[in-house]
Amino acid sequence: MMFATIYVPNFYLQAATRYQPELRGKPVALIEEHERKPIIIELNDAAEKTGIRKGMTPSQALARCLSVVIKARAHMQEESIEEILVQCAFTLSPFVEKTAPGICTVQFTANRNLSKKTRHGESLRWRISRIIQHLAECEIRAQAAIAPTPDTSLLAAHLARPVLQVKDAKEFLAPLPIETLGTGAPVCC
């Protein structure tokens with residue numbers, strides 16, 4: 001049995017800025033505007049480099065970088081991206097779980113899905129790479145991993161650039177810092 005995880009990093013931020021290519025490269029932070037005291041819940045690398053961190057208020061973020069763009073969550077876009085993500089996952093297998101916002105886990109149980117070459121001579125890794133490419137064409141940046149367990153595939157998806165295949169979970173997990181293993185996400189990335 002094998003598992004694949006398709007992961008959309010900064011899911012909420014990607015949804016809020018999906019059709020705004022002019023924001024690429026600019027510092028952008030995201031808030032949940034319906035909170036009593038809005039705080040930053042996600043930010044891009046450009047915003048992080050200016051000293052902005054999750055948990056700051058918009059005014060604290062602006063104090064660190066006047067050019068930061070503060071966006072509110074776009075719930076309709078989040079639903080749209082989730083739907084696209086799930087539909088793509090179902091092209092791989094009928095066993096799909098919407099694991100968390102921006103994360104789908106796919107289970108492969110049939111021998112035909114696990115073989116080195118699947119239908120029409122396509123490898124599983126190649127099929128997943130095509131899905132990542134399709135998502136990019138839909139203005140959704142994603143990454144994915146294939147592994148023998150769902151937890152390993154989730155962790156590997158966080159580290160994938162854009163697709164990573166793990167054959168031996170113990171070998172893959174051994175060199176990772178313990179902080180990475182505890183959160184399911186990379187410490188540095």
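Any read-out appearing in this document is the output of simple, stated calculations on the displayed coordinates, not a laboratory observation. Remember, predicted model here, so these are calculated numbers, not experimental data. Here the Cβ is made from the backbone with ideal geometry for all residues, glycine too, and neighbour counts use every protein chain on show.
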Cross-link pairs beyond the 23 Å C-alpha cut-off, checked among LYS49/LYS167; LYS26/LYS71; LYS49/LYS71: LYS49/LYS167
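Based on a Kirkwood Rh over C-alpha pairs, give the Stokes-Einstein translational diffusion coefficient of the stretch 19-73 at 25 °C and viscosity 0.890 mPa s in µm²/s. Before the final figure, lay out each step's value.
Numbers: Rh = 10.9 Å.
This corresponds to a translational diffusion coefficient of 224 µm²/s.
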For the chain, count all C-alpha to C-alpha pairs, find those more than 27 Å apart, and express that count as a whole percent of the total. 34 percent
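Count the DSSP beta bridges whose two residues both fall in the chain, then state the antiparallel fraction as a percent rounded to the nearest 5.
Details: 19 of 26 bridges.
Within the chain, antiparallel bridges account for around 75 percent of the total.
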Mind telling me which of LYS71, LYS26, LYS98 comes out most flexible in a GNM of the chain, alpha-carbon contacts under 10 Å? LYS26
Can you work out ³J(HN,Hα) from phi for every residue in the stretch 97-107, in order, using Karplus 6.51 cos²θ - 1.76 cosθ + 1.60 and θ = phi - 60°, giving whole Hz and x for Gly and Pro? 10, 7, 6, 6, x, x, 9, 10, 10, 10, 9
For ARG125 paired with GLU79, estimate the spin-label separation in nm (one decimal), with each label point 7 Å from Cα along the Cα-to-Cβ line. 3.9 nm
Note down the magnitude of the dipole of the stretch 19-73 about its Cα centre, charges +1 on Lys and Arg C-beta and -1 on Asp and Glu C-beta and zero elsewhere, to the nearest 20 debye. 120 debye
Given H placed 1.01 Å from N in the peptide plane, which residues other than close sequence neighbours of ASN44 have an amide H under 5 Å from its amide H? VAL28
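In what order do ASP151, ASP168 fall by count of nearby beta-carbon atoms within 10 Å, going from fewest to most? Spell out each step's value before the answer.
Working: ASP151 16, ASP168 11.
The most exposed by this proxy come first: ASP168, ASP151.
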Give, as ranges by residue number, the residues of the stretch 65-93 whose backbone N falls under 15 Å from the point 7 Å along Cα→Cβ of GLU35. 70-74
For the stretch 79-96, take each phi angle, set θ = phi - 60°, evaluate the Karplus expression 6.51 cos²θ - 1.76 cosθ + 1.60, and give the result in whole Hz per residue in order, putting x for glycine and proline. 4, 4, 5, 4, 4, 4, 4, 5, 4, 5, 4, 5, 6, 8, 6, x, 9, 10
Okay, which of the stretch 1-39 sit inside 18 Å, backbone N to the point 7 Å along the Cα-Cβ direction of THR99? 1-12
Taking θ as phi - 60°, what are the ³J(HN,Hα) couplings along the stretch 51-57 by the Karplus curve (6.51, -1.76, 1.60), each to the nearest whole Hz, with x for Gly and Pro? x, 6, 9, 4, x, 6, 7
